[in-house]
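As structure tokens, the structure follows; a few thoughts come after it.
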Amino acid sequence: MWTLIVAVFSFFAFIVAYHTYGRWLSKRIFNLDKDALVPSKELQDDIDFVPTKKEVIFGHHFTSIAGTGPIVGPAIAVFWGWLPALLWVVLGSIFIGAVHDFGALIISMRNRGQTVGEVAGRLISPRAKILFLIVLALALTIVLAIFGLVIAVIFREYPESVLSVWIEIPIAIAIGYWVYKKGGGLLLPSIAALAIMYIAIYVGVYYFPIDLGSILGMNPDAPKTDFYNPIVIWTVILLGYCFVASILPVWTLLQPRDYINSHQLVLALGLLVLGLFVASFTGEADLVASAPMIADDIPDDAPPIFPFLFITIACGACSGFHCLVSSGTSSKQVENEMDSQYVGYGSMLLEGALAVIVILACCAGVGMGQFERKDLGAGAYNYQASVYSEGHELAGQAIVGQGAWKTKYSSSTKWADFKLPSKIGAFIEGGANFLTAIGIPLELAIGIIAVLVASFAATTLDTATRLQRYVLQELFRTSKVTEPLANKYTATGIAVVIGGIVAIFAGASPGAGGFMLWPLFGATNQLLAGLAFMVLVFYLWRRKKPIWFALLPMIVMLIMPAWAMLWSMFNPDGWLASGKYLLFAFGLGIMSLQVWMIIEAVLMWPKAKGMLEEALPPLPVKPDTVKLATAE
């Protein structure tokens, strides 16, 4: 019953927060105005600036910010026990993460859709803009590498998910053309798209799993140093897709894909919640019996819970990446300022709810029973319950409860030996166990959850590529030497190539850097959130608005990730001592940029109170307007 109690109280807290704290921010702090001129209308070009209904933009925003962050992060963090992870997710989402996302969205919308990095140049100093943009570029490089690897791992480990994920692309293009070029409605195409995607999951599970290794004749026993492996090939294919998706108008692929994907994701989450409720009532899922509230059986080489809890769980509680989505794509599409609370604050709370589900799946769900995948060849699998081996006191019995949880999280396994597939697998297997409680066969349940994870990651991956293109273009425009590189094709190409290099070469073997990159992603991501809060504080300070609600989170999000980054870099087994020089270089560079930007902010602080920043220059007059004025 504890599983159900935790879920209900967490979801209730998110609902109450939206209608109280979120409403206070909307009315008292940001003063949302339904008549305000928004960038999507002021700068409408039907490529990046496109007025969009709030239901559609919510789908894009939520699926883009969610990714696998609220899945992988909590799936690792429950290693310290489920209670610390739960508290950080619920309280962090309400008081830090949602405020961060909402604030970044509003600042961007009131500055013609500029990114938070660009706005920092006028709110703090011109140098702050360059520093922030460089941090953004580094952070997005890591995001591209991480999420590309996550999807590639899922495609290798769960080939039954491949068909459904890729079939979304032609469906999205068709819906985009139907809605924006033919003026058609969204309801029937959305229902049809959802049906096709779930049929594709069924076909992928039972008839057509796409195992790239088998198709290309790859040797499963090849040495780890072999570049010809499924993860590397999938990573290259995915980044190639991202290049194309990033340069197309948003209505062509990005918006419709995220919209129909949001339906698939919400349905899958609904099934998870229903399964969680049923399993709790029947006693199959027992949180307390399945996993420790606070773990005491931790490997010696594991990092300390403080500060690493706060960077391991990033997107599920607060994520700097979200300020890029808020100010990079969503601010250019919101058609009414009053929709901002729904999009900015509401999406983060829904992501917090997803992270709660992940925590419960990785604890109570895994505790429902451990199973083994039997490879039937050509990407097909069947499943059977795992049993305790001979010599164990429970030999011959199914592995359930804390016995099952310890197969995933145990002090007998060193922290350094944890792998990305096992952490993703903890959620997929635990979530699948929830679905079996409502009668869904285990094979199909695994396919549904694997597609859920891959789809979340895919929406983040193509959005991150577009955001990286914006950031690189702005950086290149600031210099006459690199200005020719500001072409969107060149900037996008640079983004995907660098992201691919980091993904493939950052690990001990080709394509194995996902888990190694995660601490760097978490620390960089949270430092970025702290810098975004700094911009928000300056925005409010210049307008003589209350700042306490943003200042305290800013301090937390600057100190915790900096502490974690320094520990990762300089502890006796850290990146420097162990020869992980690429990670060390990234960490040192990001820390240096952060310190420099803080110094810029401290120097400007006394001069900023009550002094509005320099206004944006007037927009150039459109030719049609000039002709009309001349005729009159």
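The values are calculated or read from the model by the stated rules, or taken from the named source; none is laboratory data. The model shown is predicted, which means the values in this text are computed figures rather than measured ones. Neighbour counts run over all protein chains shown; Cβ positions are idealised from the backbone, glycine included.
Listed values, structure above:
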quantity	calculated
Number of positions in segment 43-84 that are at pLDDT below 90, among the β-branched types (Val, Ile, Thr) and not in a helix (DSSP H, G or I)	2
Filtered residues of segment 538-566 (kept if within 13 Å of Ala608 (Cβ to Cβ) and surrounded by 24 or more Cβ atoms within 10 Å (Cβ to Cβ))	Phe538, Tyr539
So Ala491, is it out of contact with any strand residue (DSSP E or B) (no Cβ under 8 Å at 6 or more places or on another chain) and at pLDDT below 90	no
Pairs, first part of a loop (DSSP other than H, G, I, E, B) in segment 476-503, second not charged (D, E, K, R), C-beta under 7 Å, six or more apart	Thr478/Ile130; Thr482/Phe476
Segment 149-192, subset surrounded by fewer than 24 Cβ atoms within 10 Å (Cβ to Cβ) and in contact with a Gly (Cβ under 6 Å, 6 or more places away or on another chain), residue nearest to Tyr241 (Cα to Cα)	Leu163
Which numbered condition Ala317 fails, given (1) buried (at least 24 other Cβ atoms within 10 Å of the Cβ); (2) of a type outside the set (Val, Ile, Thr); (3) at pLDDT below 90	(3)
Phe505 at pLDDT 95 or above, hydrophobic (A, V, I, L, M, F, W, C) and either out of contact with any His (no Cβ under 7 Å at 6 or more places or on another chain) or surrounded by fewer than 24 Cβ atoms within 10 Å (Cβ to Cβ) (or both)	no
Residue within segment 458-474 that is in a helix (DSSP H, G or I), among the small types (Gly, Ala, Ser), at pLDDT 85 or above and surrounded by 21 or more Cβ atoms within 10 Å (Cβ to Cβ) present	yes
Index of the failed condition, Ala529 passing every other in (1) in contact with a His (Cβ under 8 Å, 6 or more places away or on another chain); (2) in a loop (DSSP other than H, G, I, E, B)	(2)
From Ala615, Ala629, residue being at pLDDT below 90 and assigned to a helix (DSSP H, G or I)	Ala629
Matching residues in segment 255-309 - criterion: being small (Gly, Ala, Ser), buried (at least 18 other Cβ atoms within 10 Å of the Cβ) and either modelled with pLDDT of 85 or more or under 12 Å from Thr3 (Cβ atoms) (or both)	Ala268, Gly275, Ala279, Ser280, Ala285, Ser290, Ala291, Ala295
Failed item in (1) touching a residue at least 40 places away in the same chain (Cβ under 8 Å); (2) out of contact with any helix residue (DSSP H, G or I) (no Cβ under 6 Å at 6 or more places or on another chain); (3) within 18 Å of Pro126 (Cβ to Cβ); (4) not in a loop (DSSP other than H, G, I, E, B), with Ala601 passing the rest	(2)
Looking only at segment 324-344, and only at residues there that are outside any loop (DSSP other than H, G, I, E, B) and either touching an Asp or Glu at 6+ places or on another chain (Cβ under 7 Å) or of a type in the set (Val, Ile, Thr) (or both), the one that is farthest from Leu461 (Cα to Cα)	Glu337
All positions within segment 57-75 that are crowded, with 24+ Cβ neighbours inside 10 Å, over 22 Å from Val366 (Cβ atoms) and over 11 Å from the mean Cα position of the chain (by Cα)	Ile57, Gly59, His60
Residues that are over 15 Å from Thr460 (Cα atoms), touching a residue at least 40 places away in the same chain (Cβ under 8 Å) and in a loop (DSSP other than H, G, I, E, B), drawn from segment 231-280	Pro249, Trp251, Thr252
